[in-house]
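Notes for the one structure printed next.
Just so you know, all these numbers are worked out from the coordinates, no wet-lab data involved. Note that the structure is a prediction, hence the values are computed from the model and not measured. Backbone-built Cβ (ideal geometry, glycine too); neighbour counts: all protein chains shown.
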Amino acid sequence: MLDNFGYFWEVVLKGLPYTVYATLGGIAITIVLSVIAGLALLSGSRTVRFISRIYVEGFRGTSELVQLFWIALALPILIGFQLVPLWAGILVLGLNHGAYGAEVVRGAVQSVPKAQVEGAVALNFTPAQRMRRVILPQAFIETLPPFNNLFIQLLKSTALLALVSVPEMTKQAEELRPIFGGQVGVIYLIILVLYFALSVVITFVMRLLERAAARRLGRRPVKHDTLSDPLAGMPVGGSALGGKP
Amino acid sequence: MWSWELFWDSFSALLPGLWITFAATVCGALLAYVLGLVFALIRQVRVPVLSQITFGLVEFIRSTPLLVQIFFFYWVVQPWMGVQWSAFWSGTIALGLHYACYTSEVYRAGIDAVPKGQWEASTALSLPRRRTWTGVILPQAIPRVLPALGNYTISMFKETPLLLAIGVIDIVGAAKDFGADHYSVEEAYTMAGIFFLVLSFPSSILVRRLERRFVKH
């Protein structure tokens, strides 16, 4: 059963860089889009709010796989320009999770106590200073636990890229399946464990960030009792019971 | 290259897929509701060994991709158990199992939210344990978790297309086939996107209503 283990490991590991690139690329786009769209959701201008709302609801309302197929397969025909599957995948991961992240950022900014803003106004801060010096540092720490969940969701979504032929881990396993039919269990277990390990890494980094951010604000870090957040994968922006915070 | 004719034609081609998607969502959701409660109770009652296994399983399943789990269930678990279900059932069970790990946390939060006094009162009335759960705790916990379960049901609805990877012809599977038949994929995929948008948007409004009704702030 285990005689081909070394070979499986080798083949699957070839896919690991793609999974990591897709995750990191997706995370980068997610962060940028969530900040832009999240702040846009709070904008004073109705048009800006409206555009941002359309983006958020559009990407949250449709299936991620449909978005992937659309951008990787349909869009090239419409605009006559073919993206490399990996890039198309990264773009979809970023666009999709950015829509969820926008709600996180919006919620976090709104959770900053009003007195903080009033204090900044009283100290004659300009709106830009208010945002940069007072609101964002406090909102930032609030976004970390939900972003941790979001990034793990994103990591899990990278498996979808197998369906548009990106040679990431799941695709590598799929390539092995027809050849080693009887040992397919070992192959899948290897990639499942690798995904799990990657998600532990994400959680670890986010916890470090959280602790650093808490220290910067002069707060005590929060203790966590589980490996992943109990609310992992919750529809973002809500509490465990679904209520808005 | 966009053809409106194909776009409108794809509508009727996707309808049979819609039923498959619906069926998978409903069956998967029912499984997730029931199994999630079982997982939550095992952990709350602290059944020795089983409780730790459930904890590990829930953590693991939540941290790994559903797509791989669907493959794993279809290609490994099924043959191992010596059964041969259709791709639809195998995928739906994998979907339900995946989401059970999320709903179990929802139930847990709901159970934790029941005030401690309710437990103490049950003890004071020397209610048997079973009656405490079924008569006091769960009737208070479950209404609170309904909106969160609703949100997960919507997420499941959006993840059912993954079943196409093991050959289930759901909305997206039907769109794929339609595209292959007509040598043009963009219309059918766009239509599939519209299907999802049109169906999930009203459901999320419905869930928000449910939230306002059951979750007091």
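The single condition among (1) farther than 30 Å from B:V45 by Cβ; (2) buried (at least 20 other Cβ atoms within 10 Å of the Cβ) that B:V207 does not meet is (1).
In the condition set (1) of a type in the set (S, T, N, Q); (2) surrounded by fewer than 22 Cβ atoms within 10 Å (Cβ to Cβ); (3) within 19 Å of B:L164 (Cβ to Cβ), B:S126 is compliant with all but (3). Yes or no: A:T143 within 15 Å of the chain's Cα centre (by Cα) and farther than 21 Å from A:P17 by Cα? In short, yes. Filtering the stretch A:160-174 to residues that are crowded, with 16+ Cβ neighbours inside 10 Å and away from chain B (no Cβ under 11 Å) leaves A:V164, A:V166, A:P167, A:Q172. Among the helices (runs of 4 or more DSSP H) lying completely within the stretch B:99-217, list those that include at least 2 residues that are in contact (Cβ under 8 Å) with a residue 24 or more places away in the chain, of a type in the set (A, V, I, L, M) and closer than 25 Å to B:V58 by Cα. So the answer is B:138-159. Would you please name the residue that is nearest to B:R46 (Cα to Cα), looking only at residues in the stretch B:69-119 that are within 13 Å of the chain's Cα centre (by Cα) and more than 11 Å from chain A (Cβ to nearest Cβ)? Top of the filtered list is B:A100. Looking across the stretch A:161-188, just one residue is more than 11 Å from A:T19 (Cα to Cα) and basic (K, R), and that is A:R177.
Residues in the stretch B:1-47 that are of a type in the set (K, R) and free of Cβ contacts under 8 Å to residues at least 40 places away in the same chain: B:R46 alone. Residues in the stretch A:186-203 that are among the hydrophobic types (A, V, I, L, M, F, W, C) and either buried (at least 16 other Cβ atoms within 10 Å of the Cβ) or under 15 Å from the mean Cα position of the chain (by Cα) (or both): A:V186, A:I187, A:I190, A:I191, A:L192, A:L194, A:F196, A:L198, A:V200, A:V201, A:I202.
Residues in the stretch B:179-194 that are crowded, with 24+ Cβ neighbours inside 10 Å and of a type outside the set (A, V, I, L, M) were compared, and the one that is nearest to A:L160 (Cα to Cα) is B:Y189. Applying the condition of being over 20 Å from A:G61 (Cβ atoms), crowded, with 22+ Cβ neighbours inside 10 Å and of a type in the set (D, E, K, R) to the stretch B:129-178 and asking which residue is farthest from the other protein chains (Cβ to nearest Cβ) yields B:K176.
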